[in-house]
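The values are calculated or read from the model by the stated rules, or taken from the named source; none is laboratory data. Remember, predicted model here, so these are calculated numbers, not experimental data. Positions of Cβ are generated from backbone atoms using ideal geometry, with glycine treated the same way; all protein chains shown enter the neighbour counts. Ligands, DNA and RNA are excluded from the accessible area calculation, which covers all protein heavy atoms including side chains. Shrake-Rupley method; radii C 1.70, N 1.55, O 1.52, S 1.80 Å.
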Amino acid sequence: MRFRLRGTYLLFALALIGPLLALLPVAGLVFGLFDRPPAAFGIAPPTLEQAWQQSNGGDLLLRTLALAFCVTGLAVPIGAWLAYVEQRLTFPGRRILCFAALLPFAMPSYVIAATLREQVGNTVFVGFWPAVLTLVVIAVPYVQLVVGAALARAN
């Protein structure tokens, strides 16, 4: 009983390491706001307000949120549908379809983006909607795996 309790604490401590390491860069940015580094080469770094105004931060924030909502709104239904087809339906070629849906895991996202751009065949394939398409292609397998695992355990 005593060993099992220590093992639980150990697993809990190990599970906290990942999120804490992920928050390390954020903590560095926050501390950098309050304790600004000295001026390098005689040029003072901009304040947070100056950087926000120079980069048009509000517009960037809105476009980033719009991209996240569009990708989520498209990737979740497509991935859930593929998981449902994989777990609940039987038809010829079902395994091939499910395998093909997981192929984006085999390539880095920048290779997928470059391939999609080259397949369209022009340089107009830049901007918001091509980014949505590329990120949906990349995100669908993640949704499919999570929903498929949940469906496999359900009755």
Here are some values of Rg/Rh (Cα atoms, Kirkwood Rh): (1) 1.01; (2) 1.11; (3) 1.06. Which one was computed from this structure?
(2)
Note: ALA152 to ILE43 extended length (0.36 nm per residue) minus current alpha-carbon separation gives 33.3 nm
Percent of accessible area on the chain owned by carbon and sulfur, 1.4 Å probe?
72 percent
Hey, quick one: spin label on ALA100, modelled 7 Å out along Cα-Cβ, who in the range 58-78 has an amide N within reach, i.e. under 18 Å?
78
Could you work out how much longer the chain between SER55 and ALA22 gets when fully extended? Use 0.36 nm per residue separation minus the Cα distance between them, nm to one decimal.
9.4 nm
Expected vector for the range 57-71, Karplus 3J(HN,Hα) from phi with 6.51, -1.76, 1.60 and θ = phi - 60°, integer Hz, x for Gly and Pro, equals x, x, 5, 4, 5, 5, 5, 5, 5, 4, 4, 5, 5, 5, 5
Between TYR84 and TYR110, how high is the FRET efficiency from 1/(1 + (r/R0)^6) when r is the Cβ-Cβ distance and R₀ = 30 Å? Nearest 0.05.
0.50
Solvent-accessible surface ranking, highest first, for CYS98, CYS70 at 1.4 angstrom
CYS70, CYS98
Return one whole number: the accessible area per residue of the chain in Å², for a 1.4 Å probe.
78 Å²
Nearest-0.05 FRET efficiency for PHE31 and ALA68, computed from C-beta distance (R0 41 Å):
0.95
Under 5 Å between amide H atoms, partner at least 5 residues away or on a different chain: which partners does PHE125 have, H built in plane at 1.01 Å?
none
Where a ≥ b ≥ c are root eigenvalues of the Cα gyration tensor, a/c under 1.5 meaning rounded, otherwise prolate if a/b exceeds b/c and oblate otherwise, the range 19-58 counts as oblate
